[in-house]
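What follows is a set of notes on a single structure, which appears directly below.
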Amino acid sequence: MTLRILEVLGYSCPGGAAESVLELCAAFTSRGAVVTIAAPPEPGFAERAAAAGARFVPVAMASRRDVASFLALTALIRRERFDVVHTHCRNADLHGALAARAAGCRAIVTHLRGLLVDGNGEPANGWIDRVHRAILRRLPRRIVAISEAVRARALERLALSPSRVVTIRNGIALARFAAPRRAPAEVRAELQVATDRPLVLAIGTLGRCKGQDLVLDAFAALRHDGVLALAGDGPDAAALRERAKRLGIADRVRFLGARTDITDLLHAADLFVHAARWEGFGRVVAEALAAGRPLVATRVGGIPEFVTDGANGLLVAPDSSEALATAMASLLEDRPRARALGRAGAEFAARELDAETTASGITRVLESAVAEACA
C-alpha cells in the first residue's frame with residue numbers, strides 16, 4: 001500500500017531533529033510513501049523538504065499554547081486523511097497528536113528524541129510538561145525512542161507498557177559525511193588555521209546541555225598551539241566568548257555560529273569533542289564517526305550505545321574538564337592512535353548507523369500503527 005504520512009516537526013531550525021526528519025522523509029519517499037511535513041517556516045526549510053521529496057506545510061507551533069496551530073493541523077489532517085501522523089519534539093507531540101485525535105486519525109506515532117528534561121537537565125515538571133506526558137501516555141499507538149537511554153527514561157517517567165516503546169537508533173545519511181565538498185586546506189584557510197596546527201572542533205547549540213564551557217576549560221589546559229572551533233549558536237554565546245577571554249585563549253578560539261557545512265568542518269578537524277552534560281542520542285557524535293574523525297565524548301545518555309571507549313573513540317565522565325583535557329591531549333599527542341580510532345568509527349557507522357536501516361524500522365512501526373488502527 002502507498003502510505004500517506006504526515007510528519008509533524010516542532011522545530012525546523014538547523015539541528016539534529018530537523019536533519020533526522022528530513023533524512024527519514026527522503027527514505028520514505030524513495031519507498032513510495034507520500035509524505036507531508038508540517039513545521040515552522042524557518043528560512044530554507046521548505047526547499048530542504050522539497051529536496052527530500054516531501055510537501056511542506058508551514059505551521060507555526062510557536063508555543064504549546066498555540067491554538068491557531070492546533071486548528072490548522074486539525075483541518076489539514078481532516079482534509080488530507082493521512083494514514084498516520086508521526087510527531088517529533090514536544091510542541092509537535094502536543095499539537096500533532098491532539099489534532100490527529102480531533103480529526104479522527106487513530107494511527108499516531110510519537111518519536112521521542114529527548115530525555116523529558118528541562119533546560120538544566122532536571123526532570124521537566126511544569127504544568128505543560130505534565131500535560132505532555134499525559135498525552136504521550138494516552139494517544140500514540142507507539143513511541144519510538146532514539147536510544148535505549150531515552151526508552152528507559154520514557155518507561156520510568158510515563159509508566160507505559162514496554163511493548164508500546166520501541167528503540168530505533170538514529171541513522172545518518174552516510175554518503176553525506178563520507179567526503180567533504182571543500183578541501184580541508186580551504187576550510188582551514190577560512191578559519192585562519194595553518195595546516196600544521198591542531199584543529200579541535202565542537203558542534204552544537206551554545207548552552208549548558210552541550211558543555212562548551214567545559215571544552216574551553218579543557219582546551220586552555222592543553223600545552224599546544226592548536227585552535228578550537230565552536231560551531232553553533234545559542235543562549236550562552238556571549239558568556240562563552242567572555243570565558244575564552246578570561247582563560248587567555250580568545251585568539252585561539254573561533255566562534256563560527258550556525259553552519260551548514262558540518263561535513264567540511266569535520267573533515268578539516270584533527271579532533272572532535274562533545275562534552276554534553278545530558279544527551280538523548282548525540283547525533284553530531286554519530287556524524288563525526290561517519291566522517292572518520294577521532295573523537296572524545298562524555299559518557300551520557302545514548303552516546304555509550306554507539307561509542308565504545310578505546311575502540312572507536314574515547315569516553316569521559318561528564319562535567320569534568322580535567323578528564324576531557326586528558327583524553328584530548330592523548331589523541332592530539334598520539335596521531336597514529338587517533339587515526340586508527342577515526343577509521344574504526346567510520347567502519348562502525350557504515351555497519352550500524354545507516355539512515356536506510358533506521359527508516360526501514362520506522363516504516364514497520366508506522367505500518368503496524370495503521371494496521372492496528374484499521375483493525
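No lab work stands behind these numbers, since they all come straight from the coordinates. Fair warning: this is a prediction, and the values are worked out from it, not measured in the lab. Methodologically, a virtual Cβ is constructed for each residue, glycine included, from the backbone with ideal geometry; neighbour enumeration extends over all protein chains shown.
Odds and ends about this structure:
- Over the range 175-352, all Cα pairs binned in 10 Å intervals from 0 give whole-percent P(r) values of 10, 43, 39, 7, 0, listed from short to long.
- The separation of the range 102-120 from the range 55-93, counted between C-alpha centres, amounts to 12 Å.
- Loop sites in the range 1-58: trypsin sites (Lys or Arg not before Pro), DSSP, at most 14 other Cβ within 10 Å: ARG31
- Euclidean distance of C-alpha centroids, the range 1-51 and the range 251-320, integer Å: 25
- Ellipticity at 222 nm from helices only: DSSP H runs of n ≥ 4 in the chain, each -39500 (n - 2.57), divided by the residue count, give -14000 deg cm²/dmol.
- Listed candidates (i) 140; (ii) 128; (iii) 243 - label of the one calculated as volume of the Cα convex hull per residue in Å³: (ii)
- Counting every pair of alpha carbons in the range 46-185, the share spaced more than 20 Å apart comes to 54 percent.
- If the Kirkwood radius is taken over C-alpha pairs of the range 212-257, then at 4 °C and 1.567 mPa s the Stokes-Einstein diffusion coefficient equals 123 µm²/s.
- DSSP-defined antiparallel bridges as percent of all bridges, the chain, nearest 5: 5
- In range of the label at SER368: residues from the range 103-119 whose backbone nitrogen is under 16 Å from the point 7 Å along Cα→Cβ: 107-112
- Hydrodynamic radius by Kirkwood, which averages 1/r over all alpha carbon pairs of the range 8-82, in angstrom: 12.7
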